[in-house]
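What follows is one structure encoded as structure tokens, with my remarks underneath.
FYI, it's all coordinate maths here, none of it is from the lab. Note that the structure is predicted; figures quoted are calculated from it, not measured. Virtual Cβ from ideal backbone geometry, glycine too; neighbours counted across all protein chains shown.
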Amino acid sequence: DTAVSQTPKYLVTQMGNDKSIKCEQNLGHDTMYWYKQDSKKFLKIMFSYNNKELIINETVPNRFSPKSPDKAHLNLHINSLELGDSAVYFCASSLTGLAGGRETQYFGPGTRLLVL
Amino acid sequence: AQKVTQAQTEISVVEKEDVTLDCVYETRDTTYYLFWYKQPPSGELVFLIRRNSFDEQNEISGRYSWNFQKSTSSFNFTITASQVVDSAVYFCALRDAGNNRKLIWGLGTSLAVNP
């Protein structure tokens, strides 16, 4: 069984469209994350939820809205897609996400978004 | 401020060579955690190792070994007898023990192992 899964794996869409990426983890973790990886492979944290509560919200355009229906799911909705949104989006999870730093984050396979 | 530097952007070796990927970090905290992840051409991010700041013992896992030196703030990764399957981008990351849940990532080192 896949520990952290994302759908879709590939997403090609036109500028201005709205799209969603779904993430699910079956590890029993309390904390989930969204990262953006640009074409130069730079990884940037976008959001993090702990037990459905938003705990990290980086400087991300408000066109990006995360939603966590339960602690096993964290979805990312993007409105009015722009060319610059083209990237790979990774979902990750960790056990509790609490202060302590020692927890390992486990990543999903990534969603490759291309905005035309 | 926290920072992770992977000075080697790209490395190319021939199969069976040993290769070391450098990672230098900056943090003011005395308790922190260091991580290495592998991103093969297929794109997924694979966790390799976690090391805490109080454990300076070097770690070996098969052909992989890690050298943690607090005196030089480095956490280097060595692949012995490299193989083509080791070709990937390798990321070093840092997380402190404060109330900061973020991982600070290096820019990655792209390793190409040629037959």
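Just a few scattered comments:
- Exposure proxy order (Cβ contacts within 10 Å, fewest to most) of B:Ile49, A:Ile21: B:Ile49, A:Ile21
- Going from the fewest other Cβ atoms within 10 Å to the most, the residues B:Ile60, A:Ile56 appear in the order B:Ile60, A:Ile56.
- Treating r as the C-beta distance of A:Asn79 and A:Thr104 and R0 as 45 Å, the FRET efficiency rounds to 0.90.
- Expressed in Å, the radius of gyration and Dmax of the Cα atoms of segment B:57-115 are 13.8, 46.
- Comparing mean-square fluctuations of A:Tyr106, A:Tyr49, A:Tyr89 from a GNM of chain A with C-alpha springs under 10 Å, the top value falls on A:Tyr106.
- Compactness of chain B is given as radius of gyration and Dmax, 13.8, 46 Å, from Cα positions.
- Trypsin sites (Lys or Arg not before Pro) lying in DSSP loop within segment B:30-101, provided at most 15 other Cβ fall within 10 Å: B:Arg63
- Extent along the principal axes, Cα only, for the protein assembly as shown: 48, 41, 35 Å, with the longest axis given first.
- The value for chain A of Rg(Cα) / (2.2 N^0.38 Å) is 1.00.
- As a proxy for reagent exposure, A:Leu83, B:Leu48, A:Leu114 were ordered by neighbouring Cβ count within 10 angstrom, fewest first; the result is A:Leu83, A:Leu114, B:Leu48.
- With contacts taken as Cα pairs under 8 Å and at least 6 residues apart, segment A:42-116 reaches a relative contact order of 23 percent.
- Pairs spanning more than 19 Å between alpha-carbon atoms, out of A:Lys9/A:Lys36; A:Lys22/B:Lys102; A:Lys52/B:Lys38: A:Lys22/B:Lys102; A:Lys52/B:Lys38.
- Inter-probe distance in nm under a simple model that places probes 7 Å from Cα toward Cβ, at A:Ile55 and A:Leu114: 3.7
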